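Since every read-out is calculated from the coordinates, none of them should be taken as a lab result. Here the structure is a predicted model, which means the values were calculated and not measured. A quick note on method: Cβ atoms are made from the backbone with ideal geometry, for glycine too, and the neighbour counts reach across all protein chains shown.
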Amino acid sequence: SVSTDNPKVTAMSVLGEVPDNRPIPMEINIEIRDQLKREIRQFGQKYGRVYKLLEGVQGPPEVQKRMILYAMNEAAR
């Protein structure tokens, strides 16, 4: 029997049975970086799409800052 007094034990038992199929933030950010590169290199400069991709970056502010700097450097090339 599972007691409701200790939710931590219940959560641990659930984690062992249910696989986590969500991609980790690093994989998402790598995919976003590749899409940014393609969008920036295309003619027509669809800035709305670039901004949407940058909004999807996951992680702490330092990671988001690095992704923005990457986009700026890629556009400068």
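Other residues lying with their Cβ under 12 Å from the Cβ of R33 contribute a combined charge of -2, Lys and Arg counting +1, Asp and Glu -1. Dipole check for the range 26-76: with +1 at the C-beta of Lys and Arg, -1 at the C-beta of Asp and Glu, and the Cα centre as origin, the magnitude is about 200 Debye.
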